[in-house]
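Comments concern the structure below.
The values are calculated or read from the model by the stated rules, or taken from the named source; none is laboratory data. As the structure is a computational prediction, the values presented were derived from the model and not from experiment. Here the Cβ positions follow ideal geometry from the backbone for every residue, glycine too, while neighbour counts run over all protein chains shown.
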């Protein structure tokens, strides 16, 4: 018996588990892995919250945001305007297009790069705004769930609160109208 208890004490005793420790060399402990993942995810959310927390923008920032929104509508409306100009005054339009034909190819490449960077930067800004909003939503989720549970508990407590049950006297008392002086004055005024 001493040999078997000695083997078990070696394998599982003294706060150690040699089998578990050996297994964890080849396979991750799922519980510890889940804890690490949770800690990492909470850290990422906290970093997003601090990094992307909305700050109150000043007048200059709002002006620049408005200015940044102008090129796309201006380009779209300008293109539509070119179609209208081609229909209204074809000679004027043809003269302008001849001028565009004289623009050298490197300048077209430069224009393409500038427009690509502009729209790429706008896309990046929108993606960051979306990440910021998702992060804010994720940080509010536990509080929202807690509020929903509280509301559900309140609803459960309110069901049947006014039920009189089998008490006939209480039911009769509930059905009697209360004395309302304003209503009585109104009735007297109507009957007079």
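Let's see how each residue does on (1) assigned by TED's automatic domain parsing to the domain that holds residue 133; (2) over 24 Å from residue 111 (Cβ atoms); (3) surrounded by fewer than 10 Cβ atoms within 10 Å (Cβ to Cβ):
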site	(1), (2), (3)
30	no, yes, yes
38	no, yes, no
41	no, yes, no
44	no, yes, no
85	no, no, no
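Within the stretch 51-109, the set of residues being in contact with a helix residue (DSSP H, G or I) (Cβ under 7 Å, 6 or more places away or on another chain) and farther than 30 Å from residue 125 by Cβ comprises 85, 86, 92, 93. Please indicate, with yes or no, whether at least one residue in the stretch 139-154 is part of a helix (DSSP H, G or I), surrounded by 10 or more Cβ atoms within 10 Å (Cβ to Cβ) and touching a helix residue (DSSP H, G or I) at 6+ places or on another chain (Cβ under 7 Å). Yes: one or more hits.
Okay, residues lined up against (1) outside any helix (DSSP H, G or I); (2) in contact with a helix residue (DSSP H, G or I) (Cβ under 9 Å, 6 or more places away or on another chain); (3) surrounded by 10 or more Cβ atoms within 10 Å (Cβ to Cβ):
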position: 119; (1), (2), (3): no, yes, yes
position: 134; (1), (2), (3): no, yes, yes
position: 157; (1), (2), (3): no, no, no
position: 161; (1), (2), (3): yes, no, no
